[in-house]
1. With Rg and the Kirkwood Rh both taken from Cα atoms, where does Rg over Rh land for the range 77-121?
2. Run the numbers on the range 85-150 and let me know its relative contact order in percent, using alpha-carbon pairs under 8 Å that are six or more apart.
3. Please work out, to two decimal places, the log10 of the ratio I(q)/I(0) at q = 0.17, 0.22 Å⁻¹ from a Debye calculation in which every Cα of the range 65-169 carries one identical scatterer.
4. Take every Cα pair under 8 Å in the range 108-198 that's 6+ residues apart, average their separations, divide by the length, and report that relative contact order as a whole percent.
5. Quick one: plug the Kirkwood hydrodynamic radius of the chain (C-alpha pairs) into Stokes-Einstein at 20 °C, 1.002 mPa s, and report D in µm²/s.
6. Could you compute the net charge surrounding Leu189? Neighbours are other residues with a C-beta less than 15 Å from the C-beta of Leu189; K and R count +1, D and E count -1.
7. Taking 0.36 nm per residue of separation and subtracting the Cα-Cα distance, what length does fully extending Ser144 through Val110 add?
8. Taking the Cα centre of the chain as origin and charging only Cβ (+1 Lys, Arg; -1 Asp, Glu), how large is the dipole, in debye to the nearest 20?
Amino acid sequence: MRYRTIIFDFDGTIADTMEEGLTIFNRIAPEYGIRQIAREEMMELRHLSINQLIDHLKIPKTKVPIFIARGTMMMKGSVARLPLIAGMQDMLLALRPKVDRFGILTSNAVANVELFLESHGIRGLFDFISSTSKLTGKSRYLKSIRRQYSLKLNEMLYVGDELRDLKAAKKAGVPFAGVAWGFNSREALAKEDPELLIDRPEDFIRLAGH
């Protein structure tokens, strides 16, 4: 495998947090004057970028940081009992011996990620967990990780489920694998031309070796 380091997004990529995220969003949205999301809207919303989503829901940009912080804090109470994406554990166990290191880069809290990984018995697979509270701040972290481990651009892969993950990877010059089971739709990810587009976790090992 040509990738020495594989970095994963967390929400929607490793952890199946979409249902809980929607529940938390709808619970706190009225407190910030934000409308709730109907379940039947979700398919439509999966085609939108984060900025399009914020505009669509008419969320004041000044409220975004505090809203996300509140939701992240509330997630701590339930994250340990949320499920892994189906097939993810087998994929991680099979892929880990083939690379030098695994990492996680997320906009969720490190404490939440730690709780989740420990509850599923897979914390030991990951060498590091990095977190950014900024929705669009991942490119800087990706560059920093690459420098820290003295990696060439094609030796590092970022795996994520959102358009903002893909754009961060492109900005950092890092190859990206989009996963079709998370928040953004396969069609939305494909339009942005990721290096890899994965439909199922079990497909990942074969494709990542190309």
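1. On the Cα set of the range 77-121, Rg over Rh gives 0.98.
2. The value is 36 percent.
3. -0.91, -1.43
4. 21 percent
5. 123 µm²/s
6. Net charge in that neighbourhood comes out at -3.
7. Taking 0.36 nm per residue and subtracting the Cα distance, the gain is 10.5 nm.
8. Taking the Cα centre of the chain as origin, the dipole is about 880 debye.
The values are calculated or read from the model by the stated rules, or taken from the named source; none is laboratory data. Just so you know, these numbers come straight off a predicted model, no measurement behind them. Please note: Cβ atoms are built from the backbone with ideal geometry, for glycine as well, and neighbour counts cover all protein chains shown. All accessible areas refer to the heavy atoms of the entire protein, side chains included, with ligands and DNA or RNA removed. Shrake-Rupley method; radii C 1.70, N 1.55, O 1.52, S 1.80 Å.
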